[in-house]
Ligand code: SF4
C-alpha cells in the first residue's frame, strides 16, 4: 500500500480522524500532516502534557495510551470542552489493542480537565465488536486508492486540513 502508515498499525488518531472525516484519515495516513501548525492541536497537546504529567504513557506502537490504572482501566485526556463519541471510540480501540495482548481490560475513562468532567467507557463483548468494526473501517479508508470526498463545508470548521481540501489558509 502507498500509505506511510501500515494498515495493521491503527492508532487512536486514526480512529479519531475516521469518525471525524474519512478523508482526513486518508490524508493523514498518506503523509499529509498539517497538525503541527494547528493551534487547536498544539493546545490540546499542552493540556495533555501538563494536566496528568504524573502518569506514564503506555506505548503500543501506533497507539499511545495516556495511562492505564490498576484493574486495566484505560484513561484518555482530552482538551475538548465537550465529550464526543470520537473520544470514546479512541478508548475502545485502546481497550481492543490491550485485550489482544492478553490484558483483562475492565473499561475506560475519558478525562476532560477543562470542564472537570469524566465519562466512562464500557468494555464488553458488544464494545469489542464495535471496536473491531471501527478498525476494519479505518483499514478500508487507509488502503483506498484515493481520499474520500470532502464533507459539506460546514463540517470542516476548525479542521486542520482545510487548506488542502478547500484552499483555506
Ligand atoms: S477540511 Fe473537511 S473534508 Fe477536509 S479533511 Fe477536514 S473535515 Fe474532511
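The values are calculated or read from the model by the stated rules, or taken from the named source; none is laboratory data. Predicted model, so just to flag it, every value in this text is computed and none were measured. Backbone-built Cβ (ideal geometry, glycine too); neighbour counts: all protein chains shown.
Summary table
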| read-out | value |
| --- | --- |
| Candidate set: segment 135-158, residues that are within 12 Å of residue 30 (Cβ to Cβ) and exposed (fewer than 13 other Cβ atoms within 10 Å of the Cβ); chosen: the one farthest from the ligand (Cβ to nearest atom) | 145 |
| Candidates 91, 109, 105 - the one that is outside any helix (DSSP H, G or I), touching a residue at least 24 places away in the same chain (Cβ under 8 Å) and under 20 Å from residue 10 (Cβ atoms) | 105 |
| Residue, farthest from the chain's Cα centre (by Cα), within segment 159-169, restricted to residues that are part of a loop (DSSP other than H, G, I, E, B) and within 7 Å of the ligand (Cβ to nearest atom) | 161 |
| Odd one out for residue 131 among (1) near the ligand (Cβ under 8 Å from one of its atoms); (2) within 25 Å of residue 63 (Cβ to Cβ) | (1) |
| Residue ID - modelled with the highest pLDDT, chosen from residues in segment 46-72 that are surrounded by 13 or more Cβ atoms within 10 Å (Cβ to Cβ) and outside any strand (DSSP E or B) | 72 |
| Residue check, residue 138 under 18 Å from residue 15 (Cβ atoms) and either touching a residue at least 60 places away in the same chain (Cβ under 8 Å) or not in a loop (DSSP other than H, G, I, E, B) (or both) | yes |
| Test: residue in segment 112-120 that is surrounded by 12 or more Cβ atoms within 10 Å (Cβ to Cβ) and either within 16 Å of the ligand (Cβ to nearest atom) or closer than 21 Å to residue 60 by Cβ (or both) | no |
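Residue-by-condition table, conditions (1) touching a helix residue (DSSP H, G or I) at 6+ places or on another chain (Cβ under 7 Å); (2) modelled with pLDDT of 95 or more:
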{"residue": "127", "(1), (2)": "yes, yes"}
{"residue": "132", "(1), (2)": "yes, yes"}
{"residue": "135", "(1), (2)": "yes, yes"}
{"residue": "154", "(1), (2)": "no, no"}
{"residue": "157", "(1), (2)": "no, no"}
{"residue": "160", "(1), (2)": "yes, no"}
